[in-house]
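The values are calculated or read from the model by the stated rules, or taken from the named source; none is laboratory data. Here the structure is a predicted model, which means the values were calculated and not measured. No Cβ is skipped: glycine too gets one built from the backbone with ideal geometry, and neighbour counts run over all protein chains shown.
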Amino acid sequence: MINERMQKEINEQINAEFWSGYLYLSMSAWFTQHNLPGFANWMYIQYQEEFTHGMKMYRYIHERGGEVTLKPIAKVDTNWKDGVAIFKQTLEHERKVTSLINKLMDTAHEIRDYATINFLNWYVDEQVEEEANAEELLGKLQMIGKDTAALYNLDKELSARVFVDSTLSAEE
Ligand code: OFO
């Protein structure tokens, strides 16, 4: 049976993961509306990924005999100055999520919930990747500046990204 405090905090994180997905879906819409379908695709896949991050926690709470409590999803931004502003926010947001995962890990250590420590390790690794991806794309967009040909090529490159649910293989 999962500890009550741990359960409450993981439920809050489910909400944060779904909120992240909602934010990225909003960013995907912005890119579609600004004729950058590759970036829209990339953000749409981020949205799908965030949903799987939340669902992995949802399944875990049930596996430990606990209760999932879904909370309302707060509103997200819908407009940005440009792609650089979007990726600055993405990077900042992922850093915040990393700190939320670290806080969950602190609680798990404090109450000596070894199963949850093990479970959260997947998120610790995932956050390294999430921050690196956002940082890389922010750097590329800053380098591109006003070079529309380079932007077109990067957009084309990002249209090739496909969604893979990495939470499922990790649970086998
Ligand atoms: Fe769930 O990794 Fe981004 O927020």
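Find the residue count for segment 35-64, including only residues that are in contact with a helix residue (DSSP H, G or I) (Cβ under 8 Å, 6 or more places away or on another chain), more than 16 Å from the ligand (Cβ to nearest atom) and within 16 Å of LEU158 (Cα to Cα). The total comes to 6. I need the full set of residues from segment 42-95 which are among the charged types (D, E, K, R) and under 28 Å from GLN7 (Cα atoms), in order please. The answer is GLU49, GLU50, LYS56, ARG59, GLU63, ARG64, GLU67, LYS71, LYS75, GLU92, GLU94, ARG95.
Taken together, the residues in segment 95-144 that are farther than 26 Å from GLY83 by Cα and touching a helix residue (DSSP H, G or I) at 6+ places or on another chain (Cβ under 7 Å) amount to 14.
Matching residues to (1) modelled with pLDDT under 95; (2) more than 28 Å from GLU12 (Cα to Cα); (3) among the aliphatic types (A, V, I, L, M); (4) part of a helix (DSSP H, G or I):
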| site | (1), (2), (3), (4) |
| --- | --- |
| ALA74 | no, no, yes, no |
| LEU91 | no, no, yes, yes |
| ASN102 | no, no, no, yes |
| ASP106 | no, no, no, yes |
| ASN118 | no, no, no, yes |
| GLU129 | no, no, no, yes |
| ARG161 | no, yes, no, no |
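Could you look through segment 95-127, keep only residues that are within 12 Å of the ligand (Cβ to nearest atom) and acidic (Asp, Glu), and pick out the one that is farthest from the chain's Cα centre (by Cα)? Among those that are within 12 Å of the ligand (Cβ to nearest atom) and acidic (Asp, Glu), it is ASP125.
Scanning segment 25-34 for residues that are without any contact (Cβ under 8 Å) to a residue 60 or more places away in the chain and within 13 Å of the ligand (Cβ to nearest atom) yields one hit, LEU25.
Annotation: of all residues in segment 68-94 being among the charged types (D, E, K, R) and within 23 Å of LEU154 (Cβ to Cβ), the one that is nearest to the ligand (Cβ to nearest atom) is GLU94. I'd like to check something: does segment 4-24 contain any residue that is under 17 Å from THR116 (Cβ atoms), more than 16 Å from the ligand (Cβ to nearest atom), touching a residue at least 60 places away in the same chain (Cβ under 8 Å) and in a loop (DSSP other than H, G, I, E, B)? Looking through segment 4-24, none of the residues is under 17 Å from THR116 (Cβ atoms), more than 16 Å from the ligand (Cβ to nearest atom), touching a residue at least 60 places away in the same chain (Cβ under 8 Å) and in a loop (DSSP other than H, G, I, E, B). Does segment 44-61 contain at least one residue that is buried (at least 20 other Cβ atoms within 10 Å of the Cβ), over 21 Å from LEU100 (Cβ atoms) and modelled with pLDDT of 95 or more? Yes, because at least one residue in segment 44-61 is buried (at least 20 other Cβ atoms within 10 Å of the Cβ), over 21 Å from LEU100 (Cβ atoms) and modelled with pLDDT of 95 or more.
Per this entry, ILE101 is not counted among residues that are surrounded by fewer than 17 Cβ atoms within 10 Å (Cβ to Cβ) and not acidic (Asp, Glu).
Conditions tested, residue by residue: (1) at pLDDT 95 or above; (2) under 17 Å from PRO37 (Cα atoms); (3) in a helix (DSSP H, G or I).
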site: ASN121; (1), (2), (3): yes, no, yes
site: VAL124; (1), (2), (3): yes, no, yes
site: ALA132; (1), (2), (3): yes, no, yes
site: LYS146; (1), (2), (3): yes, no, no
site: ALA149; (1), (2), (3): yes, yes, yes
site: TYR152; (1), (2), (3): yes, yes, yes
site: LEU168; (1), (2), (3): no, no, yes
site: GLU171; (1), (2), (3): no, no, no
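Whether a residue is surrounded by 14 or more Cβ atoms within 10 Å (Cβ to Cβ), in contact (Cβ under 8 Å) with a residue 40 or more places away in the chain, in a helix (DSSP H, G or I) and out of contact with any Leu (no Cβ under 9 Å at 6 or more places or on another chain) was assessed, and GLY66 does not pass this test.
Taken over segment 26-37, residues that are of a type outside the set (Ser, Thr, Tyr) and surrounded by fewer than 19 Cβ atoms within 10 Å (Cβ to Cβ) amount to 5.
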